[in-house]
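Since the structure comes first, as structure tokens, the remarks are kept for the end.
Please treat every number below as a calculation from the coordinates, not as lab data. This one's a predicted model, so the numbers in the text were calculated from it and none came from an experiment. Here Cβ is always computed from backbone atoms with ideal geometry, including for glycine, and neighbour counts include all displayed protein chains.
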Amino acid sequence: MAIDGESISMSLAVAACVAMALFYVLILYAPTVILRLPSASSYTEFMIRRFICAAICTVASLVFTAFILPIKSWEASVILGVYGIRTDHLWQGVVCPLLLTSLVYAGSLVLKLLLLLESLKENGGGCSSFDYIRSFFQTIPASVLTGASNVSVWRNFIVAPVTEELVFRACMIPLLLCAGFRIYTAIFLCPVLFSLAHLSHFREMYIRHNRSYLRASLIVGLQLGYTVIFGAYASFLFIRTGHLAAPLFAHIFCNYMGLPVLYAQGKGLVSAAFLGGVVGFVSLLFPLTKPLMYSDRTNDCPCWLGYCLWN
């Protein structure tokens, strides 16, 4: 274990987690409220400011957590291990959680496949289908370059997943578990704090996108509900695997896929795939996240940081 036997108080752990969650949200407004900078001249400049603020908050949270936790050694490998940043069993930490997460999106994936087959049929099939597929793969490099210069892509697939997983999983979960909170308490407490980081979306919907108060509330309410569910799942992955890569890549995948597709008119196969995927997800949730798959330890407590009592 990278953490000494001594623990921290529950009140200190909760206070630290709440402080980090509030800091993550409030610092996004630092350029205009604290630094009194003029309003951003473009959306790109606005987002770059937010990227810098999120990075500052993340680094500050990592340092803050390191000083609170009773860490045995200040070696880089030990500290990174506390945060779940590991190179051992990395492929398991990426592939298995991704496969598990993809089961929830079975309906969405089947729908995409059906739409692809329909487009191929419209192109006449045969050689024209082959040409269509070849042209699709030829456009991938250009799409990657376009995405690399798109701030929304950076926000959804890099900055938001990395900073949120570091703050709300890598920092908060070790604090809560070290304070003596039960595993399931930590799993469902972190998402509540995680959802606070998304309350800023209400302001964005209400002011920047000129939505009505009711419509903005409904949209953000749906987002918060989904965020709490995903946050609990991400916390579960982090504790079970001990790999930050597990919730991180699941986060990126979910941001790419959006909400799972439950139904598509005239395509009953989509609903069947969704139901089958949910059954598979529930059946494989514990087997695919078995701690022994992600650690070589063979002592009485083989999983990450010794938190393996799933009772």
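The distance linking the range 40-59 with the range 222-300 is 29 Å (Cα centroid to Cα centroid, whole angstrom). Close amide H partners of residue 179, meaning residues 5 or more places away or on another chain with modelled amide H under 5 Å apart, are 8. For residue 183, the shell of other residues with beta-carbons less than 14 Å away shows a net charge of +3, using +1 for Lys and Arg and -1 for Asp and Glu. Count charges around residue 237 for me, please; just the other residues with Cβ under 15 Å from its Cβ, Lys/Arg as +1, Asp/Glu as -1. Every neighbour counted, the sum reads +2. Between residue 11 and residue 77, the contour length at 0.36 nm per residue exceeds the Cα-Cα span by 20.9 nm.
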